[in-house]
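Inspection log for the structure reproduced underneath, given as structure tokens.
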Amino acid sequence: MPKSKANIAIVGGGVAGASTALYLGSLGLNVTLFEKEKSLVNGPPFCHLHAGGNLYREISDAQCIKLLKQSIDFLRFYPFVVDYRPTVIALPTTDAGTPEALLPRLEMLSKEYAGLIEADASNKVLGESTAYYRCYSKEEIEALKNREFVAKPNTSDEWMIPVAKTLDLEKVQFPLILVQEYGLNLFRLASGLTLLLESMDNITLLNNAVVSNIQETWQTPGWSLSYVKEDHSHTEHFDYLINAAGFRSGKIDDLIGVECERMVEFKAAYVSQWESCCETLWPEIIFHGERGTPRGMGQFTPYPGGYFQLHGMTKEITLYEDGLVASSLVSCQPHLKANFIEKIEKSWSKEETEERTESAIKHLSQFIPAFSEAKVGSKPLFGAQQIPGSDPTLRVAEVSFPAKRYARCEIVKVSSTLDMIDAITAQLIDLGYLDEKVKGKREIEAFKALSDEAVTDFGETLCKEREYPKLLAHRNVGKP
């Protein structure tokens, strides 16, 4: 039998912290979630499920397989945040790689996906394993140019029509590859998590709360945590501490005196609006390229209303000079320069917003010429991402346990969230706070009362509060 109900403190209300609070609260534990901002999930932008790691040619097959498994788990757990539309992978003619070089990995992932479906039919969330990817020759794309737009595409060919009609076919190599890599909606996740957490009596959600001190306690094993909220200081005792502070995780490590090695990278994605493209729904399009060079990868992510989220892995767009920093011998917390903290905590200048968004539009317009008429849609989506260790190409990480009764969340991609939660749950089982039978549990009662309409409505509210177009909280396409 478990011990008396544990009191869990979670510092940080991003994807990792809020998801862990939801999960542990659903298991009956008392959870207090501390978030320094006024709302949840304010971290760096995300927009991909990463079902196989196809955006990253540099990572290992093992990381790709793990991302596939984790993404399927995440999609099954959070279906209300998924945009069910495919992604097109294109290699520019200037790129040193070839599309054919991607095919062995895609075939490997198709077989892995088939195996996951065979093990559990509920894993069939990316369509048929035989249709995980499809190649399109130049001749096939030329033929699709003559097809009419389809308002709500259902087939691979229908999804490829806007690509065929707008892509500069002389700028890309063939075949083009369509992959069942879906989108994730940040605002819908923030909305749904908030509604779920607020509905649960054993979860205390403390927004606008800044943790100021943490001390380990011995007489009653656990942690004494002090925080400031509404100019008042408070101190409470907790049995277990979870550090989900994202890029600020090193500050919590410093407070409790554990060692670590980590990096932090500031990134931004840009919101554009292309009003004349609304006749159809779009797939996402990825143009591969060498990171940090003028030909860095371009990402063209669709939202309703002609809005597109843009990445360009160049120092003039998504990446920043001095935007990647590491921890030191004297502190676990990597120190971003003041101009990055200014953006995160206060605001962007209108001039920089326009300059970088227009650079992103130009970067994508070299492949989609008509996109040059797009305009700035809003301020950028932005934030700083933690990367455990010293490898900036790392894409798969979950959690570490550097002290007793202490977990440090280390996800790099949101799809790793459930593996992280499972590891924390296992330690709570070992400590006697949970029963062994909850291991791997995924059903949460509160989900049954969560409606798609409520997620959208509150998502719109969050968009307005954060000064983004409300359509960013809408699905780009409904579940098939």
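Just so you know, all these numbers are worked out from the coordinates, no wet-lab data involved. What you see is a predicted model, and the numbers here were worked out from it, not measured in a lab. Here the Cβ is made from the backbone with ideal geometry for all residues, glycine too, and neighbour counts use every protein chain on show.
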Whole-number value, in Å³ per residue, for the convex hull of the alpha carbons of region 171-298 is 239
For the chain, whose charge dipole is built from +1 on Lys and Arg Cβ atoms and -1 on Asp and Glu Cβ atoms, the candidate among GLN219, LEU462, SER122 with its Cα farthest towards the positive end is GLN219
Per the rule of 0.36 nm per residue minus the C-alpha distance, extending PHE447 to THR235 adds in nm 73.1 nm
Log entry: pair-distance distribution for region 1-90, C-alpha pairs binned every 10 Å from zero, whole % per bin is 14, 34, 31, 17, 3, 0
Beyond 22 Å, the calculated P(r) of region 131-205 holds a percent of Cα-Cα pairs equal to 46
Bridge orientation stat for the chain from DSSP, antiparallel percent rounded to 5, came to 75
Across all Cα atoms of the chain, Rg and the largest Cα-Cα distance (Dmax), in Å, are 22.3, 76
Per the rule of 0.36 nm per residue minus the C-alpha distance, extending HIS335 to SER60 adds in nm 96.1 nm
If amide H atoms are modeled at 1.01 Å from N in the peptide plane, then the residues at a separation of 5 or more from SER378, or on another chain, having amide H under 5 Å from its own are VAL271
With +1 on the Cβ of every Lys and Arg and -1 on the Cβ of every Asp and Glu, the dipole magnitude of the chain about its Cα centre, in debye rounded to the nearest 20, is 280
If one compares the long axis through the Cα atoms of helix 417-430 with the longest principal axis of the Cα atoms of the chain, the angle in degrees, nearest 10, works out at 20
Between the modelled labels at GLU342 and LEU431 (7 Å from Cα along Cα→Cβ) the distance in nm is 4.1
Here the Kirkwood hydrodynamic radius of region 62-141, Cα-based and in Å, equals 14.3
Long-range share for region 249-401, i.e. C-alpha pairs more than 20 Å apart as a percent of all pairs, stands at 54
Over the chain, the sum of -39500 (n - 2.57) across DSSP H runs of at least four, divided by residue number and rounded to 500 deg cm²/dmol, gives at 222 nm -9000 deg cm²/dmol
Rounded to the nearest whole number, the Stokes-Einstein translational diffusion coefficient of region 224-320 at 37 °C and 0.692 mPa s (Kirkwood radius, C-alpha pairs) in µm²/s is 188
Beyond 23 Å (Cα-Cα) in this structure, taken from LYS5/LYS439; LYS66/LYS111; LYS5/LYS441; LYS111/LYS145; LYS350/LYS470, we find LYS111/LYS145
Expected vector for region 113-121, Karplus 3J(HN,Hα) from phi with 6.51, -1.76, 1.60 and θ = phi - 60°, integer Hz, x for Gly and Pro, equals 4, 4, x, 5, 5, 4, 6, 7, 4
Rounded to the nearest 10 degrees, the helix 452-465 long axis (Cα) sits at an angle to the longest Cα principal axis of the chain of 90
A correct fewest-to-most ranking of LEU206, LEU418, LEU24 by other Cβ atoms within 10 Å would be LEU206, LEU418, LEU24
With Cα coordinates, the longest principal axis of the chain makes an angle with the long axis of helix 156-166, in degrees rounded to 10, of 70
Over the chain, cysteine residues that find no other Cys C-beta under 4.7 Å are CYS47, CYS64, CYS135, CYS277, CYS278, CYS409, CYS463
